[in-house]
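Below: the structure, in structure tokens.
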Amino acid sequence: MDSEDDMHDANDVESLDDGFYSGENEDAPLGFYSDYDDDADDYFDDADDSDRTESHRMEQNFTILKESDVRQRQEDDICRVSTVLSISRVASSILLRHYNWSVSKVHDAWFADEDRVRKAVGLLDKPVVQFPNASELTCGICFETHPRSWIASAACGHPYCITCWAGYFSTSINDGPGCLMLRCPDPACGAVVGQDMINTLAPDEDKEKYSRYLLRSYIEDNKKTKWCPAPGCEYAVNFDAGSGSYDVSCLCSYSFCWNCTEEAHRPVDCGTVSKWILKNTAESENMNWILANSKPCPKCKRPIEKNQGCMHMTCTPPCKFEFCWLCLGAWTDHGERTGGFYACNRYETAKQEGVYDEAERRREMAKNSLERYTHYYERWASNQSSRQKALADLQQMQTVHIEKLSDKQCQPESQLKFITEAWLQIVECRRVLKWTYAYGYYLPEQEKAKKQFFEYLQGEAESGLERLHQCAEKELQQFLNADGPSKEFNDFRTKLAGLTSVTKNYFENLVRALENGLSDVDSHGAAACSKTTSSKNVGGSSKGRGIRGKGTTRTSGGSSRITDDNYWSCEHCTYANARSATTCQMCQHQRQ
């Protein structure tokens with residue numbers, strides 16, 4: 001935790017102006033701002049990347065579709081194919097389903113070989129069976145004779161009574177979406193059954209199910225569309241691949257990854273998410289816990305956890321074997337000659353002889369692995385819990401507190417959007433921070449420079465987010481509890497809006513850096529990343545943290561520092577560059 005000298009003081013925010021955001025206000029009294037500006041933003045080079053950041057924000061390569069939108073798009077595609085190919089809407093629908101609702105594929109295949117397409121989907125030009133000129137016909141399923149008006153057939157002409165058709169439809173529709181490509185009941189016939197027959201002969205309940213299957217197939221069979229995976233959500237997403245990220249934000253407020261349909265997980269990739277989720281649910285961690293915290297009974301081999309202080313263990317029934325926890329020998333063999341019943345020295349003797357070396361090594365490895373996993377998982381889960389709480393607070397803020405604050409501060413709700421924006425940013429940052437722990441868990445231990453720099457960036461992100469969260473959660477409370485308008489509210493607005501902006505920029509840059517695998521940090525950058533310093537000025541109003549190379553010196557007017565005979569350290573981001581380089585490999589600043 002930072003001391004109170006470093007916390008934001010609402011009364012000091014008056015000095016925060018536009019100059020700060022352009023980097024001109026070097027004496028900003030807010031410790032948080034100077035943290036970000038002094039080093040983390042130096043690394044990320046916000047000033048030079050502002051245009052790229054802005055364009056990144058504006059990119060939205062997906063469209064959210066309501067059910068009415070899906071139906072309209074489906075109808076448009078059916079009509080387009082029907083018009084171009086001069087076929088019925090039912091036939092057009094059958095073709096589109098066969099080609100996964102791709103209009104271009106239907107057109108290409110049809111004009112390339114119409115006969116082959118008709119045969120593949122079961123669209124017949126003429127019936128293969130002709131009805132005799134009789135008033136009654138025999139059903140091909142129940143073999144009963146029915147009036148001609150009770151007989152129906154698909155394009156093939158095979159006659160079946162309407163009762164058998166209805167039963168055939170009900171069975172097929174209840175079996176699932178496979179009913180969308182229903183064929184004639186005759187096993188040797190491949191004629192397709194269209195929706196027009198189902199609407200005419202099927203019960204109302206079955207017709208409704210078929211209609212739902214048809215609608216869902218437009219999304220599920222189309223490679224460019226998916227349903228939102230949030231429970232109970234009925235929105236669909238149309239995604240334009242090839243630009244931007246895979247993150248999708250649905251109108252239901254759920255964000256997910258288009259590629260793997262797990263929750264949005266930038267900056268980690270889908271493979272890492274899959275491994276992390278599997279690890280959280282797999283039996284491997286149970287086995288690690290068993291290895292680290294238990295020993296097998298020498299007789300029945302079941303794992304035993306020591307739950308009392310003494311070394312005299314008794315296995316559970318039906319085994320009931322009594323043994324020593326230290327050496328796993330029978331308790332009957334213990335006594336004064338082994339050092340006493342409760343002070344067995346056989347274990348130490350055997351350990352010196354190497355009897356327990358392998359078992360101890362495995363147990364120690366399992367314990368270390370479990371402790372490392374627990375470290376990352378606890379923080380991953382804590383941020384998830386904080387995010388859920390922030391979502392609940394956001395909901396309460398939008399439904400209750402904004403209106404209350406508007407009345408007390410005599411300001412329209414439109415002027416209080418900065419509070420909602422702050423909470424939305426907190427929710428997003430909690431999500432990003434959560435997944436940085438999965439990123440850290442799978443970061444190779446041997447890449448010490450990257451790991452050290454990653455932990456520094458992660459720590460700065462934690463610190464900045466906590467300041468924003470505290471400001472939005474606790475400092476806002478005094479204005480909600482106030483009896484009337486407060487003079488400090490405008491200062492609070494400036495402070496919270498500034499915190500939101502700076503935190504947003506930092507996290508966006510953090511995500512990009514991690515997605516690039518911190519590729520600019522290598523063994524030569526270890527010196528530049530190895531040492532973190534914190535300093536405060538005399539008044540305690542500002543704080544700067546930086547990554548400083550060991551033994552570096554600052555030049556009076558240049559933009560670089562000399563680290564040793566082979567490298568120079570960039571003044572802007574402190575990266576250690578080869579002496580021959582004229583441009584910083586990290587932030588692309590020119591050496592002067």
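Heavy-atom surface analysis with a 1.4 Å probe gives the range 53-125 a carbon and sulfur content of 47 percent of its accessible area. In the context of the full set of protein chains, the range 173-273 has a per residue accessible area of 48 Å² (1.4 Å probe). The range 220-271 and the range 466-503 have Cα centres lying 33 Å from one another. Sorting 447-458, 317-328 by their mean Cβ neighbour count within 10 Å, with the most densely packed peptide first, gives 447-458, 317-328. Within a straight-line Cα-Cα reach of under 30 Å, LYS320 can be paired with the following lysines, leaving aside sequence neighbours fewer than 8 residues apart in one chain: LYS295, LYS299, LYS301, LYS306, LYS351, LYS367.
May I ask you to give the solvent-accessible area per residue for the range 368-418, in square angstrom, as obtained with a 1.4 angstrom probe? Provide the component values of the computation, followed by the final result.
Details: 2930 Å² over 51 residues.
Value for the range 368-418: 57 Å² per residue.
Relative to its residue count, the range 160-208 spans a Cα convex hull of 73 Å³ per residue. What pairs in LYS66/LYS126; LYS223/LYS417; LYS434/LYS474; LYS451/LYS504; LYS279/LYS451; LYS279/LYS448 have C-alpha atoms more than 30 Å from each other? Over 30 Å apart, Cα to Cα: LYS66/LYS126; LYS223/LYS417. For the range 107-161, chymotrypsin sites (Phe, Trp or Tyr not before Pro) meeting the loop criterion (DSSP other than H, G, I, E, B) and having at most 15 other Cβ atoms within 10 Å: PHE143. Summary of packing: across the peptides 203-209, 214-220, 423-429, 481-487, the per-residue average of other C-beta atoms within 10 Å ranks them, highest first, as 423-429, 214-220, 203-209, 481-487.
Spin-label model, GLU421 to ALA241: label points 7 Å out along the Cα-to-beta-carbon direction sit 3.5 nm apart.
The values are calculated or read from the model by the stated rules, or taken from the named source; none is laboratory data. Because the structure is predicted, anything quoted here is derived from the model rather than measured. Positions of Cβ are generated from backbone atoms using ideal geometry, with glycine treated the same way; all protein chains shown enter the neighbour counts. For accessibility, only protein heavy atoms count, side chains too; no ligands or nucleic acids. Shrake-Rupley method; radii C 1.70, N 1.55, O 1.52, S 1.80 Å.
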